Amino acid sequence: NAGVTQTPKFQVLKTGQSMTLQCAQDMNHEYMSWYRQDPGMGLRLIHYSVGAGITDQGEVPNGYNVSRSTTEDFPLRLLSAAPSQTSVYFCASSYFGTAYTFGSGTRLTVV
Amino acid sequence: QQQVKQSPQSLIVQKGGISIINCAYENTAFDYFPWYQQFPGKGPALLIAIRPDVSEKKEGRFTISFNKSAKQFSLHIMDSQPGDSATYFCAASRVGNQGGKLIFGQGTELSVKP
């Protein structure tokens, strides 16, 4: 039982490049979310999903896209990376909106 | 607009002391209030959570106090230990079909001195 798996763990991008952060969970959780963590800002919600085919915006969605084609996977896409997107990104999942389990994070640097 | 406000930003407590972290929320539709603990380089981990139908919940040395009328809740860590040194986050959300948006406070960096 792996829980929430995020890949890659570290990534360096050049400004303007695109990439996809992967998130997979094996707990059959319906709810999945993406957060970014910046010093002094806490964890800010980027996008979330309450089931396959259903996504919605969080607090800071600009510059990010998501889709949810399966229950297990919830990838986060950066279409054109900017230095302001340098952050640590966490994926989380939950059965019904409580007791979210977090992944170990992806540390992204945009230069 | 910060929906969940957390204080203090940092806290230093002596071993054996009581650590208290406070949070205030704005949205009265929130009905789930968890606390998460995060160690450096790790993802947040659920510590304890409360629903608004109770005013207090205790699990070991950790207690949540909840004041619905004031829209405030707090985490008390009794007999604080150096191993409790971590960053603590409060959060709030609605559960069930109206849920999905777990909103976090800014975090409190706790240091427990031996």
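The values are calculated or read from the model by the stated rules, or taken from the named source; none is laboratory data. These figures come from a predicted structure and were not determined experimentally. Reconstructed Cβ throughout: ideal geometry from the backbone, glycine too, with neighbour counts over all protein chains shown. In case anyone asks, the SASA skips ligands and DNA or RNA and just uses the protein heavy atoms, side chains included. Shrake-Rupley method; radii C 1.70, N 1.55, O 1.52, S 1.80 Å.
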(Q) Give me the strands (runs of 3 or more DSSP E) completely within the range B:70-114, filtered to those with at least 3 residues that are more than 16 Å from B:Gln14 (Cα to Cα) and in contact (Cβ under 8 Å) with a residue 12 or more places away in the chain, ordered by residue number. (A) B:72-77, B:86-92
Q) Based on what the data block shows, is A:Thr98 surrounded by fewer than 20 Cβ atoms within 10 Å (Cβ to Cβ), more than 17 Å from B:Gly41 (Cβ to Cβ), of a type in the set (Ser, Thr, Tyr) and touching a Leu at 6+ places or on another chain (Cβ under 8 Å)? A) no
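Quick one: in the range A:33-42, of everything that is facing chain B (nearest Cβ under 7 Å) and at pLDDT below 95, which residue is most open to solvent (accessible area, probe 1.4 Å)?
So, considering only residues that are facing chain B (nearest Cβ under 7 Å) and at pLDDT below 95, the one most open to solvent (accessible area, probe 1.4 Å) is A:Met41.
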(Q) Residues to consider are B:Lys101, B:Lys113; find the one that is under 23 Å from A:Val4 (Cβ atoms) and either modelled with pLDDT under 95 or over 11 Å from the mean Cα position of the chain (by Cα) (or both). (A) B:Lys101
Q | A:Gly3 touching a Lys or Arg at 6+ places or on another chain (Cβ under 8 Å), within 26 Å of B:Gly107 (Cα to Cα), open to solvent by less than 40 Å² (accessible area, probe 1.4 Å) and among the small types (Gly, Ala, Ser) | A | no
(Q) Conditions first: (1) exposed (fewer than 14 other Cβ atoms within 10 Å of the Cβ); (2) in contact with a strand residue (DSSP E or B) (Cβ under 6 Å, 6 or more places away or on another chain); (3) polar (S, T, N, Q). B:Ser74 passes all but one, so which condition is the exception? (A) (1)
Q: Considering only the range B:27-45, state which residues are closer than 24 Å to B:Lys68 by Cβ and open to solvent by 70 Å² or more (accessible area, probe 1.4 Å).
A: B:Thr28
Q | Yes/no for A:Thr55 being touching a residue at least 12 places away in the same chain (Cβ under 8 Å), more than 14 Å from chain B (Cβ to nearest Cβ) and crowded, with 16+ Cβ neighbours inside 10 Å | A | no
